[in-house]
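Read-outs throughout are calculated quantities, based only on the coordinates presented, and are distinct from any laboratory measurement. All values reported here derive from a predicted model rather than from experimental measurement. Cβ placement follows ideal geometry from the backbone for every residue including glycine, while neighbour counts extend to all protein chains displayed.
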Amino acid sequence: MSAPRSILREQLVRSSARRGIRLALGLLVCSLALFAGPIRLPAVTTPGRHFNEPDTVFLEDLQHRAFRFFSEHTDQASGLTRDRAPADGQNSEAPASVAATGFALTAWCIADMHGWLPPGEARRRVLRTLDFVMERVPSEHGWLYHFVDAQSGRRMWHCEASTIDTALFLQGALTAREYLADPTVSARVDALYARIDWRWAMNGGKTLSHGWRPETGFLAPRWDSYAEMLGLYLLGIGAPGQTGLPAAAWQAWKRGPVVSYAGHTFIQCAPLFTHQYTQAWFDFRGLRDGEIDYWQNSVDATLAQREWCARHAGDFPGWSRELWGLTACDGPHGYTVQGGPFGAADRVDGTLAPCAPGGSLPFAPEECLAALQRMRALDHGQLWTRYGFVDAFNPLTGWASHDVIGIDVGIMLVMAENLRTGRVWRSFMRAPEVQRGLRLAGFTPARPALGANKALAMIP
């Protein structure tokens with residue numbers, strides 16, 4: 001079973017500090033001007049790009065297998081999705097993950113888009129989850145516990161009421177609200193959103209805590225440096241009521257360290273999931289908050305890691321520009337955080353995670369598709385299973401995980417849909433709270449630089 005990522009993040013931060021990797025970087029000044037109406041993106045896409053037939057068939061199969069995981073490992077009574085499951089389809093004994101359940105709420109919408117569910121079934125599944133979470137799943141000041149029993153909803157493993165995992169759940173709920181446009185769904189999502197006390201989770205500081213435990217109080221780590229928490233802050237700043245985050249909270253976390261590798265300069269956070277999770281829902285294409293283009297930052301982080309893996313093929317035979325991918329995932333000795341370049345490179349043991357390129361599909365479509373297709377071609381019955389790829393594998397030793405993990409399956413499902421149609425982005429970005437959060441944080445449309453990345457021309 002996977003350890004809570006908040007604990008692994010804390011270990012990673014401490015380790016990075018000991019190695020002296022973090023560079024001092026002053027906070028960037030963001031514009032906080034308010035303007036009426038939704039943020040309008042500049043014309044940065046070129047319509048009419050089509051995938052070739054093998055890529056289309058592969059992506060459709062990848063997505064449908066991912067949907068199958070959520071359908072088979074979401075409890076039929078509670079609507080809660082298990083954290084992980086055996087890749088061969090056997091029953092899972094894992095608890096439910098609040099974050100995986102957020103991905104499931106988005107998965108039902110994607111399934112409805114593709115006709116994988118009968119009419120009305122997506123709405124039924126969404127309401128089942130929302131009702132159960134509202135009535136049966138414990139929370140603290142509106143914040144949900146990281147892991148809960150899939151049937152009863154009770155807290156598991158003495159885990160924390162998690163700020164980031166609640167945000168991932170909420171992003172899925174907002175997607176369902178905007179996509180379904182159903183009054184009952186909207187009322188449930190609005191109630192869940194409104195009950196969150198964002199300022200309480202700041203615990204007297206300028207940034208949000210990772211979470212809170214009833215036995216010990218607030219966790220020491222804070223969301224005070226660039227990671228996967230951008231959506232958490234934007235949802236808090238855009239929140240309804242009087243307990244939302246102040247707009248100044250967006251300026252309170254550090255944009256650093258900034259590093260350069262193989263011609264790519266970006267804000268460093270070693271595992272790729274940190275560059276992916278916010279943008280599974282938030283469409284940052286053509287937007288900036290002052291000087292930062294977070295879309296391009298994720299493009300550069302993805303391509304830099306690809307190149308870093310290729311340059312370490314001597315250490316890990318089999319790695320190449322077509323076979324790469326480091327993030328938080330299963331490993332031969334348990335759940336671990338890997339990344340590169342820099343940051344978590346000392347943890348690398350040759351294990352690759354398909355969700356690393358899979359979760360970056362919109363950022364570097366050709367490069368990520370090539371990696372996934374190469375991984376698929378390596379399969380001899382171990383890697384490609386009922387739910388798509390296993391969570392991780394080592395091409396040198398032959399080790400492969402026996403499980404899939406909900407959030408890793410989920411990021412591939414959602415990012416593949418964004419690459420193919422952009423419909424998750426379009427649904428989520430309609431939310432008034434999302435638009436308000438972006439405005440108050442200082443996001444404004446900005447024309448892409450001359451020769452802007454080719455990924456933009458491949459996405460609807």
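Note down the net charge around Gln90, summing +1 for each Lys or Arg and -1 for each Asp or Glu among other residues with Cβ under 11 Å from its Cβ. Around Gln90, the charge tally is -3. Applying the Karplus relation 6.51 cos²θ - 1.76 cosθ + 1.60 with θ = phi - 60° to region 125-134 yields 3J(HN,Hα) values of 5, 4, 5, 4, 5, 4, 5, 5, 5, 5 Hz, where x marks Gly and Pro.
Only DSSP H runs of four or more residues enter the estimate; each adds -39500 (n - 2.57), and after division by the residues of the chain the mean residue ellipticity at 222 nm equals -12000 deg cm²/dmol. A cut-off under 10 angstrom between Cβ atoms defines the neighbours of Arg374, and their net charge, with Lys, Arg +1 and Asp, Glu -1, is +1.
Over region 5-458, the pair-distance histogram of Cα-Cα distances with 10 Å bins from zero comes to 4, 22, 34, 28, 10, 0 percent, rounded to whole numbers.
Once backbone amide H atoms are built at 1.01 Å from N, Ala239 has Leu245 as its partners under 5 Å, excluding neighbours fewer than 5 places away on the same chain. Based on C-alpha pairs under 8 angstrom that are at least 6 apart in sequence, the chain has a relative contact order of 23 percent. Values of log10 I(q)/I(0) for region 263-324 across q = 0.13, 0.14, 0.19, 0.29 Å⁻¹ run -0.40, -0.46, -0.74, -1.21, by the Debye formula with one identical scatterer at each alpha carbon and no solvent. What is the sum of charges, Lys and Arg at +1 and Asp and Glu at -1, for the other residues whose Cβ falls under 12 Å from the Cβ of Asp391? Result for the local shell: -3. When region 5-458 is described by a simple charge dipole with +1 on each Lys and Arg Cβ and -1 on each Asp and Glu Cβ, the residue from Ala270, Pro332, Gly410 located farthest towards its positive end is Ala270. Each of Leu396, Ala364, Gly381 was placed along the dipole of the chain (beta-carbon charges, centred on the mean Cα), and the one lying farthest toward the positive end is Ala364. Apply the a/c threshold of 1.5 to the C-alpha gyration tensor of region 131-260 and tell me whether it is rounded, prolate or oblate. Taking the square roots of the gyration eigenvalues as a ≥ b ≥ c, region 131-260 is oblate. Multiplying the residue separation of His158 and Arg426 by 0.36 nm and subtracting their alpha-carbon distance yields 92.8 nm.
The distance from the alpha carbon centre of region 261-324 to that of region 195-249 is 26 Å, rounded to a whole number. Out of the DSSP beta bridges found with both residues in the chain, what percent are antiparallel (nearest 5)? DSSP beta bridges in the chain are roughly 95 percent antiparallel.
The modelled label-to-label distance between Thr397 and Lys206, using points 7 Å beyond Cα along the C-beta direction, is 4.4 nm.
Note on Lys206, Lys254: ascending count of other Cβ atoms within 10 Å places them as Lys206, Lys254, the fewest first.
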